[in-house]
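Asker: After the structure tokens below, expect a handful of questions from me.
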Amino acid sequence: MENIIIREAERSDIHLILDFIKRLAEYEKMLDQVVADTAMLENWLFEKNIARVLFVMEGEREVGFALFFHNFSTFLGRAGIYLEDLYVLPECRGRGYGKALLKKLAQIAVDMGCGRLEWSCLDWNTPSIEFYRSLGAVSMDGWTGFRLTGEALENMAR
């Protein structure tokens with residue numbers, strides 16, 4: 001795993017980022033929910049700098065990505081990293097690329113003094129859940145995620 005190269009995404013990678021997002025959405029059976037386009041991603045990732053993207057490389061080819069941003073723990077009194085998306089191409093899984101991305105995120109978190117690295121995983125995604133647990137991650141049993149989107153978000157804002 002020490003030979004694996006991870007690089008930060010650049011503005012010129014915007015089409016590649018969207019491609020990975022769509023591949024992940026297809027894997028999660030949610031492709032119909034992707035409304036992001038390159039202009040939106042460019043604005044949020046490279047203009048507003050709200051999130052960052054890392055790519056893991058196999059030679060000269062990007063074979064996986066991680067999109068993450070900072071959150072904040074009031075209990076810890078410091079920032080954390082929230083991993084929104086992690087995806088490795090199916091034909092490249094089992095080679096340490098996902099672990100390398102998580103290791104890099106953990107290094108970023110530790111270097112910045114963050115209190116934690118967290119993410120969510122779909123309940124049916126048993127291979128990923130087992131992988132995360134093998135790394136020492138623990139599930140947040142007893143917590144239920146909530147979300148406001150679309151009309152509900154608009155109504156709440158009024």
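The values are calculated or read from the model by the stated rules, or taken from the named source; none is laboratory data. For clarity, every value in this text was computed on a predicted model and none was experimentally measured. Glycine gets a Cβ as well: all are built from the backbone with ideal geometry, and neighbour counts include every protein chain shown.
Asker: So, in the range 72-121, of the ones that are outside any strand (DSSP E or B) and among the hydroxyl-bearing types (Ser, Thr, Tyr), which residue ends up surrounded by the most Cβ atoms within 10 Å (Cβ to Cβ)? Please lay out each step first, then the result.
Answerer: Residues of the range 72-121 outside any strand (DSSP E or B): 74-77, 89-116, 120-121.
In the following step, the residues that additionally are among the hydroxyl-bearing types (Ser, Thr, Tyr) were identified as 74, 97, 120.
Values: 74: 6, 97: 24, 120: 12.
Among those residues, the one meeting the criterion is 97.
Asker: Determine which single condition residue 128 fails, assuming it passes every other condition in (1) within 14 Å of the chain's Cα centre (by Cα); (2) on the phi > 0 side of the Ramachandran plot; (3) of a type in the set (S, T, N, Q).
Answerer: Of the numbered conditions (1) within 14 Å of the chain's Cα centre (by Cα); (2) on the phi > 0 side of the Ramachandran plot; (3) of a type in the set (S, T, N, Q), the odd one out for residue 128 is (2).
Asker: On to the next question. If residue 2 meets every condition in (1) modelled with pLDDT of 95 or more; (2) part of a loop (DSSP other than H, G, I, E, B) apart from one, which number is that one?
Answerer: With (1) modelled with pLDDT of 95 or more; (2) part of a loop (DSSP other than H, G, I, E, B) applied to residue 2, the lone miss is (1).
Asker: Can you name the residue in the range 35-67 that is in contact with an Asp or Glu (Cβ under 9 Å, 6 or more places away or on another chain) and among the β-branched types (Val, Ile, Thr) and is also surrounded by the fewest Cβ atoms within 10 Å (Cβ to Cβ) among such residues?
Answerer: Step one: of the range 35-67, the residues in contact with an Asp or Glu (Cβ under 9 Å, 6 or more places away or on another chain) are 46, 51-56, 62-67.
Filter once more, so that each one left must be among the β-branched types (Val, Ile, Thr): 53, 56, 63.
On the way: 53: 23, 56: 26, 63: 19.
If we take residues in the range 35-67 being in contact with an Asp or Glu (Cβ under 9 Å, 6 or more places away or on another chain) and among the β-branched types (Val, Ile, Thr), then 63 is surrounded by the fewest Cβ atoms within 10 Å (Cβ to Cβ).
Asker: Taking the criterion of being assigned to a loop (DSSP other than H, G, I, E, B), under 28 Å from residue 150 (Cα atoms) and of a type in the set (D, E, K, R), would at least one residue in the range 31-54 satisfy it? Outline the logic, then answer.
Answerer: Within the range 31-54, the subset assigned to a loop (DSSP other than H, G, I, E, B) is 34-37, 48-51.
Applying the additional criterion that residues be under 28 Å from residue 150 (Cα atoms) yields 34-37, 48-51.
Imposing the further condition that a residue be of a type in the set (D, E, K, R) reduces the set to 37, 48.
The answer is yes; a qualifying residue exists.
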